[in-house]
Amino acid sequence: MTDTAAPTAPVYLRPATATDAELDERFAPIFERIAAGNVDRERRREFAHDQVSWLKAAGLGRIRIPVEKGGLGASLEQTFAILAALAEADANVAHVWRNHLAFVEDRLNAPQSAANDRWLDRFLAGEFVGGGWTEAGNGTLAAMATTIRPDGDDYRVTGAKFYATGSLFADWLDVIGRTDDGALLTALVRRDHPGVELVDDWTGFGQQTTASGSANYIDVPADDGDVFPVAERFVYQGHFYQVAILAVLTGIIRAALRDGVTALRARGRNYPQGLDPVPASDPQLLQVIGSVSAHGFAAEAALRQTARELDRLALAHAAGDADERALRVRTSQVATDQAQLVIIDAALDATTTVFDALGASGVSTTTLLDRHWRNARTLASHNPRVYKARILGDWLVNGTDPVPNLFAAGRGGQGN
């Protein structure tokens, strides 16, 4: 999204006050509980309602809200690090939080108002937001069938969406649509309204319990204070959504490493070509595990660097510094694209090559190690990695703006 509008102050953003130790103490025990049931949930395709509830109660949904407003006061770097740690425990549960955290960030960037104060109160009460942007049936932003029409002082939403991640866990759904005169709006609607139909028809071979299927809306009401022009959504929204995926991918690499180490230690015999009869002492197999660990290191470094860029952008917006914000939008876009290339390559390589250390026993459905590759491949398919190296090269060589205008007339804006 291009950065055309000057920052509007005041906003709810404040400099971060949380410490890594505080956040780890709060969330690490819950992540351990979530990890304990991950394989069984994956095998049964069981939605993690209890696990999401634990995280709500612990305050994950308010992690970015300043302490003085009732939140945890975390930076974006800390937030995405926590999301990666959650993904190491369960990549499905981590991905469920992407839309909620993005909408909280949007409201923290917004001007202070009674409507936004109500949203902060909802977040503090544990209310959860799911997604609803991508049109069903290969619809695009440029040819969107979903409508958001004025109805007296409020609005009515009608349409069909797919990739509605987190919807089955949500209290609210964030839906994009057009008015009759073509204005692009987002509306927050109650998930439990009778006009909302959520269908678990996600057919992806990965991320199977993220509630990413269909959502249908028939004449669903939205209050005036819960409807926003898309152009007013926070300027680093696209960056945020992408980095959230990169955080989950980073966690998947760490999970693949963890499970690879456990499986190699448990191997009881080696191939005749092996360099040691004990697999855990075979230098070549140890080299495989070492390589996977390096992929994790690269991914975590790229994730943290990109998140730091977003923190600088958020602070520039909070300060009302239009020039600094414009600069940071572009540096953050470059960092996000570079991190996407690094982290996706690392995730796909790590979740594949880890099997080279394990032999045929590594493909057993008992351990479901294939879930790491399936989940990584599914997440890697969300956004067009194939274009990013070209965009970066064009920026570096020719100075071509790397920031896409996702909502420009005639642009599709939504791939599948």
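The values are calculated or read from the model by the stated rules, or taken from the named source; none is laboratory data. Note that the coordinates shown come from a computational prediction; the quantities given were computed from them, not determined experimentally. Positions of Cβ are backbone-derived with ideal geometry, glycine not excepted, and every protein chain shown enters the neighbour counts.
For residues that are among the small types (Gly, Ala, Ser) and in contact with a helix residue (DSSP H, G or I) (Cβ under 7 Å, 6 or more places away or on another chain), scanning just segment 88-113, find the one that is surrounded by the most Cβ atoms within 10 Å (Cβ to Cβ).
ALA94
Just wondering, is there one or more residues in segment 225-237 that are surrounded by fewer than 16 Cβ atoms within 10 Å (Cβ to Cβ), in contact with a Gly (Cβ under 6 Å, 6 or more places away or on another chain), assigned to a strand (DSSP E or B) and modelled with pLDDT of 90 or more?
No; the residues of segment 225-237 include none that is surrounded by fewer than 16 Cβ atoms within 10 Å (Cβ to Cβ), in contact with a Gly (Cβ under 6 Å, 6 or more places away or on another chain), assigned to a strand (DSSP E or B) and modelled with pLDDT of 90 or more.
Which of the residues belonging to segment 222-256 are within 16 Å of the chain's Cα centre (by Cα) and of a type outside the set (A, V, I, L, M, F, W, C)?
The answer is TYR236, GLN237, GLY238, HIS239, TYR241, GLN242, THR250, GLY251.
Among the residues of segment 101-121, is any closer than 24 Å to TYR217 by Cα and among the hydroxyl-bearing types (Ser, Thr, Tyr)?
No: zero hits.
Please find, among VAL342, VAL363, VAL334, the residue that is among the β-branched types (Val, Ile, Thr) and over 29 Å from GLN208 (Cα atoms).
Being among the β-branched types (Val, Ile, Thr) and over 29 Å from GLN208 (Cα atoms) holds for just one of VAL342, VAL363, VAL334, which is VAL334.
From the set of residues in segment 117-136 that are assigned to a loop (DSSP other than H, G, I, E, B) and out of contact with any strand residue (DSSP E or B) (no Cβ under 8 Å at 6 or more places or on another chain), which is surrounded by the most Cβ atoms within 10 Å (Cβ to Cβ)?
GLY126
Could we say that GLU324 is part of a helix (DSSP H, G or I), at pLDDT below 95 and surrounded by fewer than 23 Cβ atoms within 10 Å (Cβ to Cβ) here?
yes
To keep it simple, each residue is scored yes or no on (1) over 22 Å from the mean Cα position of the chain (by Cα); (2) at pLDDT 95 or above; (3) buried (at least 16 other Cβ atoms within 10 Å of the Cβ); (4) not in a loop (DSSP other than H, G, I, E, B).
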site: TYR12; (1), (2), (3), (4): no, no, yes, no
site: ALA18; (1), (2), (3), (4): no, yes, yes, no
site: PHE31; (1), (2), (3), (4): no, yes, yes, yes
site: ILE34; (1), (2), (3), (4): no, yes, yes, yes
site: SER53; (1), (2), (3), (4): no, yes, no, yes
site: LYS56; (1), (2), (3), (4): no, yes, yes, yes
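Does segment 384-406 hold any residues that are of a type in the set (A, V, I, L, M, F, W, C) and assigned to a helix (DSSP H, G or I), and which are they?
VAL386, ALA389, ILE391, LEU392, TRP395, LEU396, VAL397
Please work out which residue is farthest from the chain's Cα centre (by Cα), limiting yourself to segment 208-221 and to residues that are crowded, with 21+ Cβ neighbours inside 10 Å and at pLDDT 90 or above.
The selected residue is VAL220.
Taking only segment 384-411 into account, find how many residues are more than 17 Å from LEU327 (Cα to Cα), among the hydrophobic types (A, V, I, L, M, F, W, C) and at pLDDT below 95.
Final tally of qualifying residues: 5.
Residues of segment 344-363 being of a type in the set (D, E, K, R) and either over 19 Å from PRO279 (Cβ atoms) or surrounded by 17 or more Cβ atoms within 10 Å (Cβ to Cβ) (or both), which ones?
Across segment 344-363, the qualifying residues are ASP345, ASP349.
Would you point out which residue out of ALA307, ALA346, ALA301 is free of Cβ contacts under 8 Å to residues at least 40 places away in the same chain, in a helix (DSSP H, G or I) and within 19 Å of the chain's Cα centre (by Cα)?
Within the list ALA307, ALA346, ALA301, the selection yields ALA301.
Give all pairs with beta carbons closer than 6 Å in which a residue from segment 248-259 that is modelled with pLDDT of 95 or more meets a residue that is outside any helix (DSSP H, G or I); count only pairs at least 6 apart in sequence or on separate chains.
ASP259/LEU369
Does segment 259-304 hold any residues that are basic (Lys, Arg) and buried (at least 16 other Cβ atoms within 10 Å of the Cβ), and which are they?
Across segment 259-304, the qualifying residues are ARG267, ARG304.
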